[in-house]
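Here, each number is a calculation from the coordinates, and none is a lab measurement. Remember, it's a predicted structure, so these values are computed and weren't measured experimentally. Counting neighbours? That spans all protein chains shown, and the Cβs are built from the backbone with ideal geometry, glycine included.
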Amino acid sequence: MAVGYGDDLDVIFRGNVIISKTLREGADFVTKMVVLDGGKALLGGFVSQTVKNKSEAVKALLAGLPEVTKGVVAETPELSRPRVLVGSTAQLFGSILGPGQEFFIDNEQAFVLGKYDVREGYAPVVSADTGLIGTPEADKNELTFVTMLNPAIKLGGLVKLETVFTHYLDGIYKVRDITISGDTDGDDWSQQCTCIKAPNYEVPRG
């Protein structure tokens, strides 16, 4: 799915249809679908291989994700001894991660990032001028804001928050979650982002 403004479209979702049903609602026939980013990889990815070190483990697991390519993959802990990898690729990925690291798939790209690792150093500005809606809400660990649809904001990426009345919240954040709402027949598109403060972020080489 590609969205944007005018002719400037960006892909915000690429994945597989898991369930599809067409139902009648009044005079209309409505098709409802459940889709999953990297669905074939997450549900059907399988690995059966013996690996000697972390690089072999990561390579084997990436190869076991059908239709998924490698994104940014941070260094994972070294294996203490050779290991047999057998089972669901997604679950096995979780077993080789270090403290604070997470594995996820975004637009059919696989990522492994630490808590303050990000996929790239670019940080789009989020402000009233660029579509910020309302006032961001913050608790001890996270900040949540709503903005007009902005495909430049990516999962595992950065944003630079600039507010009018809550300057103490301004700064660089890492995006941990994005929920997009919209209607192809209307103009009411928005996204809610949950972030953590990341002034000392790093972009892994992998």
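Here are a few things to note about the model shown:
- In order through the stretch 40-57: 3J(HN,Hα) via Karplus (6.51 cos²θ - 1.76 cosθ + 1.60), integer Hz, x for Gly, Pro: 4, 5, 6, 8, x, x, 9, 10, 9, 7, 9, 10, 9, 8, 5, 5, 5, 5
- If you run the Gaussian network model on the chain, springs between alpha carbon atoms under 10 Å, then out of Val86, Val164, Val112 the most flexible one is Val164.
- For Asp106, the residues whose amide H sits under 5 Å from its own are Phe111, ignoring neighbours fewer than 5 places away on the same chain, with H placed 1.01 Å from N.
- A Förster radius of 30 Å, combined with the Cβ-Cβ distance separating Phe165 from Lys115, puts the computed FRET efficiency at roughly 0.55.
- Amide H contacts of Glu202 (H built 1.01 Å from N, under 5 Å, at least 5 apart or other chain): Asp117, Val118
- Between Asp188 and Asp129, the C-beta separation translates, for a Förster distance of 30 Å, into a calculated FRET efficiency of about 0.90.
- For the residue pairs Lys154/Lys197; Lys40/Lys154; Lys21/Lys154; Lys160/Lys197; Lys115/Lys197; Lys54/Lys154, alpha carbon separations beyond 19 Å are given by Lys40/Lys154; Lys21/Lys154; Lys54/Lys154.
- Between the stretch 13-68 and the stretch 70-116, the Cα center-to-center distance that results, in Å: 17 Å
- Percent RCO, i.e. relative contact order, over the stretch 39-113, from Cα pairs under 8 Å lying at least 6 residues apart: 38 percent
- Highest mean packing first, where packing is the average number of other Cβ atoms within 10 Å per residue, the peptides 26-33, 165-172 line up as 165-172, 26-33.
- Computed over the chain, the per-residue total of -39500 (n - 2.57) for DSSP H runs of n ≥ 4 gives a 222 nm mean residue ellipticity of -3000 deg cm²/dmol, rounded to 500.
- Computed from label points 7 Å out along Cα-Cβ, the spacing between Ser80 and Ala27 is 7.0 nm.
- In order along the stretch 118-125, the Karplus-derived 3J(HN,Hα) couplings, from 6.51 cos²θ - 1.76 cosθ + 1.60 at θ = phi - 60°, round to 10, 6, 7, x, 6, 10, x, 7 Hz, and Gly and Pro are given as x.
- Each of Ala123, Thr22, Val58 was placed along the dipole of the stretch 1-140 (beta-carbon charges, centred on the mean Cα), and the one lying farthest toward the positive end is Val58.
- Between Leu9 and Ser88, full extension at 0.36 nm per residue minus the direct alpha carbon distance yields a gain of 25.0 nm.
- Simple point charges give the picture: +1 on the Cβ of Lys and Arg, -1 on the Cβ of Asp and Glu, and for the chain a dipole about the Cα centre of about 1260 debye.
- Whether the chain is rounded, prolate or oblate, judged on the alpha carbon gyration tensor where a/c under 1.5 counts as rounded: oblate
- With θ taken as phi - 60° and the Karplus curve 6.51 cos²θ - 1.76 cosθ + 1.60 applied, the whole-hertz 3J(HN,Hα) list for the stretch 163-175 is 10, 8, 10, 10, 5, 5, 8, 4, x, 9, 10, 9, 7 Hz, x standing for glycine and proline.
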